[in-house]
Amino acid sequence: MNRSNPFELGPIRPVDEAGSLLIRTTRGCPWNKCDFCVNYKGMPFSIRKMEEIRADIEAAAQYYNGRAFDSCFLQDGDSFIMKTSDLLEVLKLLKQHFPTLTRISSYGRAQTMTTKSLEEMKEICNAGLNTLYCGMESGSDIVLKNIHKGTTAKELIHSGSMAKDSGMVISEFIILGLGGQKLWKEHALETARVLNEINPDFIRILTIGVKKGSGLEKQLAEGSYTLQTETNLIEEQRLLIEHLDGITSYYKNHHGVDLLMEARGQLPEDKEKLLAIMDRYLNLSKEERNIYTLGKRTGLYNCLDDMDNKDLRVQVEEKLAEIQKLYPGQLDEVFHYLREQVV
């Protein structure tokens, strides 16, 4: 609970759920070991009691006083760890108090989704939880092991396919850069292979920014993980897109941390357009890539076309000259620092 809401809220939600009703069913993450994540650092996991959730739904209904929400997101990291009967009760209560809801969503972790039967998943979907955000991160078993994801490519395929078979709309999150310099090709190719098996409704791209206090920061310090350049991250993304075949997903760079926000499109028809966006960046001279990248990382640019804005370009060039003077030979480190601030 906080000062502005008479019901409990968790720390995060997906970008696309900005206008959704938020109801907390669990606190934290039952795994909480992924090396890239600090969202629930120091937070013990718990499943909230049904009476607490019920009271929060009732309090939210009173607080919003008839507001017609069409979407609701269940916080925190894993609603599927709840007993199916309890989750169904939550969905029933939501529909009773917010009858305009057409979409209820949640994060879906492969480890717990696979503990449900297909029949249970269909029942949950039919009760209203019809949209899932799944943190695949990578389709490479090597990368998944290195980041302590606690799952395998086979389990990711099984859980994603079962969710689709139950009628749910699923989004798979992919994190560019998780393989580092050593495994970037493995990461891209195996991720494409797993996505081709699942054929998710949405593929949502994020770009790595190593957070303070994360396991990945420790790997970075030890030298077992090495950051890629911004150019290499786009080469990785291009390789991923190139090997997406036979699927009908909507592909989307959707977070402020992503360098090429215009890289969005429906597969398969927009595949060449997506590749062309990657090539447009990669074919720039090194100096032009640095100008665009700094413009994007500092919020002055949003897409490649913004480079045509003369006033913005002057500002970016001045910032670039200042940074190169203060931090000679460290531009990649500056870019990573700016990414880390956004994630």
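Rule-based calculations on the coordinates, nothing more; no lab input. Computed from a predicted structure; not experimentally measured. So basically every Cβ, Gly included, is an ideal-geometry build from the backbone, and we count neighbours across all protein chains shown.
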(message) Name the residue from M307, L260, S140 whose Cα lies farthest towards the positive end of the charge dipole of the chain, charges +1 on Cβ of Lys and Arg and -1 on Cβ of Asp and Glu.
(response) S140
(message) Quick check: residue separation of N39 and K154 times 0.36 nm, minus the Cα distance between them. What number comes out in nm?
(response) 38.8 nm
(message) Using only DSSP helix segments of four residues or longer, with each worth -39500 (n - 2.57), what per-residue ellipticity at 222 nm results for the chain after dividing by its residue count and rounding to 500?
(response) -14000 deg cm²/dmol
(request) Using a cut-off of under 13 Å, list every residue of the range 314-343 whose amide N is near the label point 7 Å from the Cα of K286 along the Cα-to-beta-carbon line. (result) 329-332
(request) Please find the FRET efficiency linking E242 to Q62, where r is the Cβ-Cβ separation and R0 is fixed at 56 Å, and quote it to the nearest 0.05. (result) 0.60
(message) What is the distance in Å between the Cα centroid of the range 39-106 and that of the range 201-216?
(response) 26 Å
(request) Please give the helix 50-64 orientation as an angle from the longest Cα principal axis of the chain, in degrees from 0 to 90, rounded to the nearest 10. (result) 70 degrees
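Quick check on the range 180-285: take the gyration tensor over C-alpha atoms, sort the square-rooted eigenvalues as a ≥ b ≥ c, and tell me if it's rounded (a/c under 1.5), prolate or oblate. Can you show the working numbers first?
On the way: a/c = 1.92, a/b = 1.55, b/c = 1.23.
Note, shape of the range 180-285 comes out prolate.
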(message) So for the chain, averaging the separation of alpha carbon pairs under 8 Å that are six or more residues apart and normalising by length, what relative contact order in percent results?
(response) 12 percent
(message) Tell me whether the range 287-343 comes out rounded, prolate or oblate; compute the Cα gyration tensor, take square roots of the eigenvalues as a ≥ b ≥ c, and use a/c under 1.5 as the rounded threshold.
(response) oblate
(message) Check which residues have an amide H placed less than 5 Å from V169's amide H, if you skip close sequence neighbours.
(response) T131, L132
(request) Run the dipole for the chain about the Cα centre, Lys and Arg Cβ at +1, Asp and Glu Cβ at -1, nothing else charged, and hand back the magnitude in debye, nearest 20. (result) 820 debye
(message) For the chain, which cysteines have no second Cys with its Cβ under 4.7 Å from theirs?
(response) C29, C72, C125, C134, C303
(request) Please label the shape of the range 231-337 as rounded, prolate or oblate, based on the square roots a ≥ b ≥ c of the eigenvalues of the alpha-carbon gyration tensor (a/c under 1.5 means rounded; beyond that, a/b larger than b/c means prolate, else oblate). (result) prolate
(request) Have a look at the DSSP beta bridges in the chain and tell me what percent are antiparallel, nearest 5. (result) 15 percent
(request) Can you figure out the FRET efficiency of E318 with V342, using R₀ = 25 Å and their beta-carbon distance, to the nearest 0.05? (result) 0.70
